[in-house]
Structure formats: C-alpha cells, structure tokens
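Worksheet for the structure shown next.
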Amino acid sequence: MTRTRVAHILKTGQPETTVDVRGWVRTKRESKQDFAFLELNDGSCMKNLQVVVDARIPDYSTLIKQIQTGASVAVIGTIKESLGKGQRVEVHAQSLKVLGTADPATYPLQKKGHSFEFLREKAHLRPRTNTFGAIARVRNALCAAIHNFFQEREFLYVQTPIITTSDCEGAGQVFQVTTLDLARLQQSKGPLDYSQDFFGKKAGLTVSGQLEGEIFATAVGDVYTFGPTFRAENSNTTRHLAEFWMVEPEMPFYELEENMDLAESFVRSIIKDVMNKCSEDLEFFNERIEPTLLASLQNIVENDFIRLTYTEAIKILEESGQKFEFPIAWGHDMQSEHERYLTEKHFKQPVILTDYPRAIKSFYMRCNEDGKTVRAMDVLVPRIGEIIGGSQREERHDVLIERMKESGLVPEDYWWYLELRQYGTVPHSGFGLGLERTVQLVTGMTNIRDCIPFPRTPKSADF
C-alpha cells in the first residue's frame, strides 16, 4: 500500500478508505477505556491528523507505552468522519508500528513555547515545530514560483560558478578557497605565492552570479541564475547571513524602465503564488508572528509600486520631521530605517528608487549623462526595506574601464567581462533578489537566520 500524506487525508480523504500514514507524534492522550488518541504530523501541512488506537491492536499496551512526543510511527487504518471540532476526518488504526522512540527526559521539543534563539541551537530538530515546518513549505513554494515565473517567460536557467576569481561587488568580503598548507603559511613571513594554489591564482566563493550571467544573456537571450552566494561580512545583525540564496535575471536589450517593470511583476507574481498555495501557513504567521502580514501582502499584490529617484526620496526624508539614527544626506547610502519610512509611513506601499549617486554604487552600473548618478534601481517593501537591487549595466567599454579604476579594480583581471563590450555590446539590465529576505517578507519573521534551513553566521556553522 502506498503511503498517504496527512495533507491529502485531511483535505480529500474519503470515509471508509484504508490508508497507510506515517509521521511523528505531536501529542498522545490515553483513555481508561483502553484506547488512545495520537496527533500525527508528517510535515505536509500545518494540521495534525488524529489517529485513534484501541486495545484490539496487537501489543497495544506495550506500543502505547513506547509512544511519546517525537516518536515516529506507521499506521494502517480506516478513515472515519470525525466527531471532534475543527477536523473533518480521523483515522482508526488497524495496525500500529513504532519506528523510532523519543525519550521524554531528553527530547528537546517535549514541551511547547521554545524561543527562536533556543531553536537555532537545535537546527536539526526545529523543522518539526509548526513555525519552521511552515517556513520550509513557504520557502519551497517561493522557489517553485521563482522558477515558474521565469520559465513561463522563456528565460534560460543558467548555473553560474560557486568558485570564482572575481569579486562582483568589489567589496573584498569574499571567502577564500585554497589548497595551500595553512599551517605552513602561518609560519612563513613572505608573500603568498598563489601560483602554487589549486587554481593558480587567488579564488573565493561567489558573492553573485551576475557577471557570468551577463555572458549568457549577451549570447542566448534572457537568463536567470538561482543559487547560493557568500559574503564574509562579520555581521551579527538580524538582516545578514554569510551564506544566502540569490535569484539573478539578466536581460539583453532591456533598459532601466523595462528592468523595473520585470522586477515589479516578479515580486507581485511570486507573492501571489505563495498566498494561493500556502494559505494555511500564512494564516498561522498572521496569527502568531505578524498580525498585519496578510494585509501587507495583499497590498503588494494589488497595488502598483511607487517609482521615484533617489534624489526625490532624500528630499522626502529630509522634510519628514522624522528622527533617524543615521543622518540623511545626498550621497550617502540609505539605511533600512530610511527605506522602511518610505514604504511604511510615507507611501504605505512598495517603492522603486532609481538613479543613485555614482560614488556609492557598483562599477557595472550604467552612468547617467549627468556624470553624478547611475541607472540603478532598488525595490523597497514594508518591514524589510530593500528586497531587490538592480541596474542597467554599463555597456560602453571605455566608461566601464573608467568605473573599474574608480572602484579600485584592475581592469586586466576582468578582461573577459570587458570583451563583452567589444564584441557586439548591447544595452542590458538585471537585478538580484535575496530568497531569505523574501521569506522574511512573506512570513513576517524578524530574524533572517530563521528563514534559511541552516544559517551560516560568524562563529556559527555547526549543522
């Protein structure tokens, strides 16, 4: 008999049907009349399936004593209409097998109400809780929606390298990859000879697949990358991870306006998909985590995003009368508090900012004719701030070399990137969306470490 998931039984299971169901016991209630109620969950949905077990089961007493919260069981039984409140059906067991026990004296999730901080220390068990099971389902639905969005528009999915010798952002916060003998190097006083390293030069984990994405975009058309990226930033905030997932489309012949149109459509589309597929989970988050969640998501889906320039936004912030921790000044990068003011208080809906100062943006962004700004765009959403960063890319060979030098980069190290501007260069654009920030947006979770299965942060890589 094929195993049936709990979600299918609860939604479509028909009375008097025999099913094989397996999962982990959330609670057990015993009765003096020689029967027990097991609340069973297999991760397929938020709700538990009630399983009724009685003394007609062989070895009933022995089996029931073995079953505690966290134990795993296999049940073959018949679906029955339930007399209990809030449940359409239940399963009456015909056979019961204990697959694995869980000692109540040591099982960390024996009780409810653990803090998120505690659960981060139990990353191997936290998916069994309602919150992290729901996050896993939402994250899965988001990933499916992301792929569907681009596949339906005939984008090619390109897998860009995780190990690279170029730093897309030019910030130098790259995890180094080496096969050199670190113990011997620690004793050496001379300069490192990377010619002896595995790749013959200094290499690291990628901070972005964008540059390689541009290679394919300028050859085969619209593409997107979707994979892990890394940043060795020694930050312990609720907004930063050392390892995170990015989706990065790159489109030839797109200018800034078309790039913004795609980004807005993308955000609204994937959120709408998750709202349709994970309604039960989102209702849980709305009730337990963030009471304005569903209204906020509906606002994003139903309303056009406000578009204005960085300069216009700075003026709004300066005239707001609001006291900010970080001062407002043209030429400074916006902080999360500034972005949230614009989206939550001033406009009360998502915002796309454009035309940032040249000095605070990356070398690959196309320079405007004023010489002071670049054709950048950031999509800002309530509670999160920036969720997408993108730009029209600099397609002019001479200007790109100038920008590299401004940023302290050696143009010769990016010879292949420059050649894209020598052989059939075209206007092109792209953006990047952080998956974990999107999970935060859709679930209302406040700490990004709870939005990835196994968070990598300074001094933390245990699981």
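The values are calculated or read from the model by the stated rules, or taken from the named source; none is laboratory data. The model shown is predicted, which means the values in this text are computed figures rather than measured ones. We place every Cβ from the backbone using ideal geometry, glycine too, and count neighbours over all the protein chains shown.
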Residue identified as surrounded by fewer than 17 Cβ atoms within 10 Å (Cβ to Cβ) and farther than 30 Å from Ala7 by Cβ among Phe216, Phe199, Phe230: Phe199
Unique match (being among the hydroxyl-bearing types (Ser, Thr, Tyr) and within 32 Å of the chain's Cα centre (by Cα)) among Thr446, Thr425: Thr446
Residue within the stretch 216-224 that is in a strand (DSSP E or B), modelled with pLDDT of 95 or more and within 25 Å of the chain's Cα centre (by Cα) present: yes
Candidate set: the stretch 401-425, residues that are of a type in the set (S, T, N, Q) and surrounded by 14 or more Cβ atoms within 10 Å (Cβ to Cβ); chosen: the one farthest from Tyr224 (Cα to Cα): Ser407
Condition broken by Leu308, with the remaining ones in (1) modelled with pLDDT under 95; (2) crowded, with 16+ Cβ neighbours inside 10 Å satisfied: (1)
Among residues of the stretch 105-120, those that are in contact (Cβ under 8 Å) with a residue 12 or more places away in the chain and not charged (D, E, K, R), counted: 7
Residue within the stretch 304-320 that is out of contact with any strand residue (DSSP E or B) (no Cβ under 6 Å at 6 or more places or on another chain), part of a helix (DSSP H, G or I), farther than 19 Å from Tyr356 by Cβ and assigned by TED's automatic domain parsing to the domain that holds Asp355 present: no
Qualifying position, being in a loop (DSSP other than H, G, I, E, B), in contact (Cβ under 8 Å) with a residue 24 or more places away in the chain and of a type outside the set (S, T, N, Q), among Ala93, Ala102: Ala102
Pairs with Cβ under 6 Å, 6+ apart, first in the stretch 426-444 and more than 22 Å from Thr229 (Cα to Cα), second assigned to a strand (DSSP E or B) and not polar (S, T, N, Q): Val426/Pro252; His428/Pro252; His428/Arg393
Enumeration of residues in the stretch 336-353 that are out of contact with any helix residue (DSSP H, G or I) (no Cβ under 8 Å at 6 or more places or on another chain) and modelled with pLDDT of 95 or more: Glu337, Glu339, Arg340, Thr343, Glu344, Lys345, Phe347
Where a residue in the stretch 125-137 is at pLDDT 95 or above and its partner, wherever it lies, is assigned to a helix (DSSP H, G or I) and hydrophobic (A, V, I, L, M, F, W, C), with Cβ under 6 Å and at least six apart: Arg126/Leu119; Arg126/Phe132; Pro127/Ala136; Ala134/Phe284
Within the stretch 115-188, helices (runs of 4 or more DSSP H) holding 2 or more residues that are in the same structural domain as Met404 (by TED's automatic domain parsing) and crowded, with 16+ Cβ neighbours inside 10 Å: 130-152
Candidates Arg29, Arg22, filtered to the one that is free of Cβ contacts under 8 Å to residues at least 12 places away in the same chain and either in a strand (DSSP E or B) or over 13 Å from Val91 (Cα atoms) (or both): Arg29
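Yes or no, residue by residue, for (1) outside the structural domain of Leu308 (by TED's automatic domain parsing); (2) in contact with a Cys (Cβ under 9 Å, 6 or more places away or on another chain); (3) surrounded by 23 or more Cβ atoms within 10 Å (Cβ to Cβ); (4) on the phi > 0 side of the Ramachandran plot:
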| site | (1), (2), (3), (4) |
| --- | --- |
| Glu325 | no, no, no, no |
| Gly331 | no, no, no, yes |
| Ser336 | no, no, no, no |
| Arg358 | no, yes, no, no |
| Cys367 | no, no, no, no |
| Arg393 | no, no, yes, no |
Tally of residues being out of contact with any helix residue (DSSP H, G or I) (no Cβ under 9 Å at 6 or more places or on another chain) and closer than 18 Å to Leu380 by Cα across the stretch 321-335: 1
